[in-house]
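The structure under discussion appears below in the form of structure tokens.
The values are calculated or read from the model by the stated rules, or taken from the named source; none is laboratory data. Keep in mind it's a predicted model, so treat the numbers as computed, not measured. For neighbour counting, all protein chains shown are included, and Cβ atoms are generated from backbone atoms with ideal geometry for every residue, glycine included.
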Amino acid sequence: MPDLSGKVAIVTGAGRGIGRSHALALAHAGAKLVVNDLGAGLAGEGSDPTPAEQVVEEIRAAGGKAVANGENVAEFDGAGRLVQQALDEFGRLDILVNNAGILRDRMLVNMTEDEWDAVVAVHLKGHFGPTRHAAAYWRERSKAGEEVRGRVVNTSSPSGVFGNIGQANYGAAKAGIAGFTLIVAQELQRYGVTVNCLAPNARTRMTEETFEMGAPEEGFDPLDPANVSAVVVALCADEAQGITGQVLHVWGGAVNVLRGWSAGELLEAPDGWAPDALLAELLGRFPDGAEPPGMIAGMQSAGGQSLQA
Ligand SMILES: NC(=O)c1ccc[n+]([C@@H]2O[C@H](COP(=O)([O-])OP(=O)(O)OC[C@H]3O[C@@H](n4cnc5c(N)ncnc54)[C@H](O)[C@@H]3O)[C@@H](O)[C@H]2O)c1
């Protein structure tokens with residue numbers, strides 16, 4: 001177990017599910033926690049301080065240190081207050097796990113503007129705000145001559161990296177989070193901050209209503225959120241300072257360091273393509289057509305399984 005004692009961590013959406021598991025695992029490894037959760041419903045409706053407070057109680061009961069935070073991560077100023085709370089309560093910030101999320105699944109032809117905006121706000125802007133405020137703090141520490149070992153762990157999804165039907169809002173936000181990770185990792189490297197991203201699979205309220213996947217009666221449970229949290233703790237170790245900009249798909253014990261957009265089939269014309277020639281070349285290279293394989297095939301290629309177990 002990497003020793004994270006002395007470190008201070010924020011986990012967003014840590015009142016339930018995967019975020020709760022991250023908070024408990026980081027606290028178990030010695031970190032002090034700011035447990036953020038708006039206490040929203042699955043679609044982002046309402047708010048309730050209880051889930052975050054319960055996780056704080058669990059951490060304290062196990063001998064750890066934690067405080068609750070009820071900010072909405074989609075609000076930029078609220079994200080600033082979240083980062084400030086870590087500094088006020090514990091005097092520093094080392095780890096930011098962006099995890100909060102909601103779902104408003106709908107086929108594109110029926111999707112409303114609100115369904116699009118709410119999901120993009122909580123996921124994509126909900127990653128930008130906390131990261132932006134934490135980055136300003138780390139840059140300041142680095143410029144003051146401190147050796148910073150900052151950690152950002154973002155949360156994408158198989159839906160974002162492989163593309164799932166019915167989730168144009170969610171999948172686009174999650175693909176955006178993977179792209180955000182690549183860029184911010186490069187920008188923050190100079191300040192000593194690594195930025196990585198998860199594409200998790202776990203049994204939570206978010207997935208148990210959609211997929212049939214009960215816990216096994218005994219033995220290893222591949223969909224226990226703790227499997228995802230083990231990856232977070234490893235990435236937060238000081239020894240992981242050189243690992244950044246990676247997107248890790250997690251299914252049970254299969255952690256796949258994904259390759260994202262990368263060079264594929266090259267169609268080259270030294271003097272540029274005319275549309276008819278390009279079309280003929282495309283049809284020649286792809287005689288059976290070209291289409292996305294879908295999320296389940298992508299997950300299986302990364303070591304996961306169908307969620308319809
Ligand atoms: N469960 C899976 O298999 C799976 C798969 C892929 C991605 N994910 C991602 O993992 C993350 C955690 O999901 P989960 O399955 O634990 O879901 P969950 O619904 O159990 O937990 C999400 C938590 O985020 C909180 N939250 C929602 N909006 C918020 C906001 N604006 N500000 C602060 N907190 C907010 C909720 O109150 C909730 O407690 C999400 O980003 C989700 O998209 C989960």
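General remarks:
- Screening Val153 against (1) more than 22 Å from Asp105 (Cα to Cα); (2) of a type in the set (Val, Ile, Thr); (3) more than 14 Å from the ligand (Cβ to nearest atom) leaves a single unmet condition, (3).
- Taken as a whole, the condition of being within 13 Å of the ligand (Cβ to nearest atom) and closer than 18 Å to Gln85 by Cβ does not apply to Pro158.
- If the condition is being among the small types (Gly, Ala, Ser) and in contact with a Gly (Cβ under 9 Å, 6 or more places away or on another chain), then the range 45-64 contributes Gly46, Ser47, Ala52, Gly64.
- Inspection of the range 132-146 finds a residue satisfying the criterion of being crowded, with 19+ Cβ neighbours inside 10 Å, within 16 Å of the ligand (Cβ to nearest atom), free of Cβ contacts under 8 Å to residues at least 60 places away in the same chain and within 21 Å of the chain's Cα centre (by Cα).
- Per the conditions (1) touching a Ser or Thr at 6+ places or on another chain (Cβ under 9 Å); (2) touching a residue at least 40 places away in the same chain (Cβ under 8 Å); (3) closer than 21 Å to Thr204 by Cβ; (4) near the ligand (Cβ under 10 Å from one of its atoms), the sole criterion not satisfied by Arg104 is (4).
- Taking the listed residues Ile177, Ile183, the one that is without any contact (Cβ under 8 Å) to a residue 12 or more places away in the chain, over 22 Å from Gly91 (Cα atoms) and among the hydrophobic types (A, V, I, L, M, F, W, C) is Ile183, with no other qualifying.
- Helices (runs of 4 or more DSSP H) completely within the range 192-309 that count 2 or more residues being within 14 Å of the ligand (Cβ to nearest atom) and surrounded by 10 or more Cβ atoms within 10 Å (Cβ to Cβ): 205-208, 226-236, 295-301
- Test: residue in the range 95-112 that is part of a helix (DSSP H, G or I), charged (D, E, K, R) and on the phi < 0 side of the Ramachandran plot: no
- Among residues of the range 27-50, those that are surrounded by 24 or more Cβ atoms within 10 Å (Cβ to Cβ) and within 15 Å of the ligand (Cβ to nearest atom), counted: 6
Conditions tested, residue by residue: (1) assigned to a loop (DSSP other than H, G, I, E, B); (2) crowded, with 19+ Cβ neighbours inside 10 Å; (3) free of Cβ contacts under 8 Å to residues at least 24 places away in the same chain; (4) within 16 Å of the ligand (Cβ to nearest atom).
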position	(1), (2), (3), (4)
Leu4	yes, yes, no, no
Ala14	yes, yes, no, yes
Leu24	no, yes, no, yes
Ala52	no, yes, no, yes
Leu93	yes, yes, no, no
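- Taken as a whole, the condition of being within 16 Å of the ligand (Cβ to nearest atom), small (Gly, Ala, Ser) and modelled with pLDDT under 95 does not apply to Ala172.
- Which numbered condition Glu71 fails, given (1) within 23 Å of Leu188 (Cβ to Cβ); (2) part of a helix (DSSP H, G or I): (2)
- Leading residue by the ranking (farthest from the chain's Cα centre (by Cα)) among those in the range 107-128 that are within 13 Å of the ligand (Cβ to nearest atom) and more than 19 Å from Arg205 (Cα to Cα): Asp117
- The set of residues in the range 65-101 being farther than 22 Å from Pro200 by Cβ and among the β-branched types (Val, Ile, Thr) consists of Val67, Val83.
- Residues (part of a helix (DSSP H, G or I), more than 11 Å from the ligand (Cβ to nearest atom) and among the hydrophobic types (A, V, I, L, M, F, W, C)) located in the range 54-65: Val56, Ile59, Ala61
- The range 117-163, residues that are in contact with a strand residue (DSSP E or B) (Cβ under 9 Å, 6 or more places away or on another chain) and hydrophobic (A, V, I, L, M, F, W, C): Val119, Ala134, Ala135, Trp138, Val148, Val152, Val153, Val161, Phe162
- Only residues that are over 20 Å from Ser157 (Cα atoms) and β-branched (Val, Ile, Thr) were counted in the range 11-36, giving 2.
- Taking the numbered list (1) under 27 Å from Thr181 (Cβ atoms); (2) not in a strand (DSSP E or B) in turn, Val35 passes all entries but (2).
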